[in-house]
Amino acid sequence: MMNCQKNVMANFDIHIENSDKYDNGRHDLYKIEIYKDGKIFKILEPEGSALFLNSNIKFDSLKEGKYSFVYENLFGETIKKEIKVDESKTYRVSINPDYLLKKNKKAVFENLKDSEAKLVFQSRGCFHQGKDSIIIINKGKNYFLRLKNGSLKILDKEAWAYLVKTENIIREIPEDGECTTRDEYIFYHKGKSDTINDTTCRFSTWYTLKDYLKKNIQ
């Protein structure tokens, strides 16, 4: 039987990076499994005394085929990204440890209806203590952010989606952290409160949200 596989000489330019451009934290990976046409092709793991994989890894002289990149994100989910190689070119592969698949069902922001919700953030550690908050309001089809001076700033669809995504991330933070710093997120809505604790020291979700609001809303 004639082998019709193309004589492809492609390259992979692999970047371990955040999907959220407002998140400046580094989220390291311990392993990436690469499959070619369903069979293991390469397992990427730290070399020598390194604890984590390099943020940029390159492969050359790749043949035609379907490649799959499999890794575990920050939330313990298995992520699979597929790349079809059929040209002699460099394929840029973005690996995002911060990307969350699961959608939490306890969302407050997404289910606001002619009401308001408050998110309080508190952080405590050996050498620091801080507290901050935001208030989100729904009136009909519109959503607003209450600014520190009491005025309301309307949220467009992109900003609203970002807030919903942020709450989803907060609610999926793993519970098995052993860090001496404790970040606490408290959602208040209609007289009820819901608290999520982060003791992982792997997330900077509140600071990422504040950076987004500063550059896009406030």
Taking a probe of 1.4 angstrom, what is the accessible area of THR180 in Å², to the nearest 10?
110 Å²
Roughly how many Å² of ARG146 are accessible to a 1.4 Å probe, to the nearest 10?
90 Å²
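Length gain on complete extension for the stretch ARG26 to LYS80, per 0.36 nm per residue less the alpha carbon to alpha carbon distance?
Result: 17.4 nm gained on full extension.
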Summing -39500 (n - 2.57) over every DSSP H run of at least 4 residues in the chain and dividing by its residue count gives a helix-only mean residue ellipticity at 222 nm, to the nearest 500 deg cm²/dmol, of -4000 deg cm²/dmol
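At 25 °C and 0.890 mPa s, grab the translational diffusion coefficient of region 138-215 from Stokes-Einstein with a Kirkwood Rh over Cα pairs, rounded to a whole number in µm² per second.
Details: Rh = 14.2 Å.
My calculation gives 173 µm²/s for D.
Net charge within 15 Å of GLU72 by Cβ-Cβ distance, Lys/Arg positive one each and Asp/Glu negative one each, not counting GLU72 itself?
Working: positive: LYS31, LYS80, LYS81, LYS102, ARG202; negative: ASP28, GLU33, GLU45, GLU77, ASP98, GLU172, ASP176.
Result for the local shell: -2.
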Using only the heavy atoms of the protein chains and a 1.4 Å probe, how would HIS27, HIS15 rank by accessible area, largest first?
HIS15, HIS27
Value of relative contact order over region 1-121, rounded to a whole percent, pairs C-alpha under 8 Å and six or more apart:
33 percent
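Counting GluC sites (Glu not before Pro) as exposed when in a DSSP loop with at most 12 other beta carbons within 10 Å, what is the longest stretch of the chain free of them?
88-174
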log₁₀ of I(q)/I(0) at q = 0.08, 0.10, 0.13, 0.17 Å⁻¹ - the chain, Debye sum with one point per alpha carbon:
-0.39, -0.58, -0.85, -1.18
At 1.4 Å probe radius, can you tell me the per residue accessible area of region 60-218 in Å²?
58 Å²
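Got a number for carbon plus sulfur as a percent of the chain's accessible area, 1.4 Å probe?
48 percent
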Here FRET efficiency (C-beta to C-beta, SER151 to ASN7, R₀ 45 Å, nearest 0.05) is 0.10
Distance in Å, no decimals, from the C-alpha centre of region 109-187 to the one of region 13-90 is 32 Å
Applied in sequence order to region 94-105, the curve 6.51 cos²θ - 1.76 cosθ + 1.60 (Karplus, θ = phi - 60°) yields integer Hz couplings, x standing for Gly and Pro, of 9, 9, 10, x, 8, 7, 10, 8, 5, 10, 6, 8
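The values are calculated or read from the model by the stated rules, or taken from the named source; none is laboratory data. Only a predicted model underlies this, so the values are computations on that prediction, with no experimental measurement involved. Counting neighbours? That spans all protein chains shown, and the Cβs are built from the backbone with ideal geometry, glycine included. These area figures cover heavy atoms from the full protein model, side chains too; ligands, DNA and RNA do not enter into them. Shrake-Rupley method; radii C 1.70, N 1.55, O 1.52, S 1.80 Å.
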